[in-house]
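Report on the structure given below.
The values are calculated or read from the model by the stated rules, or taken from the named source; none is laboratory data. These numbers come from a predicted model, not from an experiment. Positions of Cβ are backbone-derived with ideal geometry, glycine not excepted, and every protein chain shown enters the neighbour counts. Note: areas computed on protein heavy atoms with side chains; ligands, DNA, RNA excluded. Shrake-Rupley method; radii C 1.70, N 1.55, O 1.52, S 1.80 Å.
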Amino acid sequence: MYAMQYEIALPADYDMSIIRERIATRAHLTDGYAGLGLKAYMYRERDGDSSPGNQYACFYLWNDVAGMNRFLWGSGGFGGIVTSFGRPMVKHWTGVAAAAGPARASEPRSATRQIELLPADTDPSGLVAAELADFRKRAETEGVHTTAFAIDPRSWEIVRYTLWQDEPAPDALGERYQVRHLSAPGIDAISKEWV
């Protein structure tokens, strides 16, 4: 499993109905995308979602590198983003675990993403073991649709990502997003621990 996200910062006065319309008319194109576990069409609005600015920020969990590569530089896919917004930086992480939550049967309406750097003097194996224990608890939290965590071993950055049926739990940490659509053709294949 591979996690991937690009974030497109939009002007403070940007009409976010353009993003909602973009999702409404284009999101179905990834509903059956080969190699894709899930793609959450996410955005944040200035002053809403505790966000300092407007942002379009889709999040992906891929089942295989071939699907991710085809999306990024094959025909279609990422080219639409580049044409509309320019080429944003794409963050990516190696997947460690993903799991279904109690609300998997529902359509998610929000998401949280928490990014943290691993301490430089820490052995990642012990940290991942502790993270897995927290991950399993998070997966059992009421309202969780899907949760995952992954690590970028270049920067030793960890990402914790959770889709929520409605609003995130009050104690959920991280940046909050609205989810407008979920494409999930391979969601069952990513729902496991990859260690």
Please list His181, His92 in order of solvent-accessible area, largest first, computed with a 1.4 Å probe with all protein chains present. His92, His181
What whole-number value in Å² describes the accessible area per residue of segment 1-123 for a 1.4 Å probe? 47
Just order 141-150, 29-38, 125-134 by mean Cβ neighbour count inside 10 Å, highest at the front, would you? 141-150, 29-38, 125-134
Sites Ala34 and Leu117, calculated FRET efficiency, Cβ-Cβ separation with R0 35 Å, nearest 0.05: 0.55
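Once you have a ≥ b ≥ c as the square roots of the Cα gyration tensor eigenvalues for the chain, tell me rounded if a/c is under 1.5, and otherwise prolate or oblate according to whether a/b is larger than b/c.
rounded
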Could you work out what % of the accessible surface of the chain is carbon and sulfur, using a 1.4 angstrom probe and leaving DNA, RNA and ligands out of the count? 52
Within straight cross-link reach of Lys39, meaning Cα distance under 19 Å, which lysines are found once same-chain residues fewer than 8 apart are removed? Lys91, Lys192
Among Leu29, Tyr2, Ile115, flag the residue with its Cα farthest along the positive direction of the charge dipole of the chain, charges on Cβ as +1 for Lys/Arg and -1 for Asp/Glu. Leu29
In debye to the nearest 20, the charge dipole size for the chain, taken about the Cα centre with +1 at each Lys and Arg Cβ and -1 at each Asp and Glu Cβ, equals 580
Evaluate the charge dipole of segment 105-195 about its Cα centre and quote only its size in Debye, nearest 20, assuming +1 on the Cβ of each Lys and Arg and -1 on the Cβ of each Asp and Glu. 260
Separation between the Glu142 and Val90 pseudo-spin-labels, each 7 Å from Cα along Cα→Cβ, expressed in nm? 4.0
Let me check against my output: what whole-number percent is the relative contact order of the chain, with C-alpha pairs under 8 Å and at least 6 apart? 32
The chain - mean residue ellipticity at 222 nm from DSSP helices (-39,500 (n - 2.57) per run, n ≥ 4, rounded to 500): -7000 deg cm²/dmol
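What percent do you get for the relative contact order of segment 1-88 when only Cα pairs under 8 Å and 6+ apart count?
In percent, rounded to a whole number, it is 37.
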Which angle from 0 to 90°, rounded to the nearest 10, does the C-alpha axis of helix 124-139 make with the longest principal axis of the chain? 70
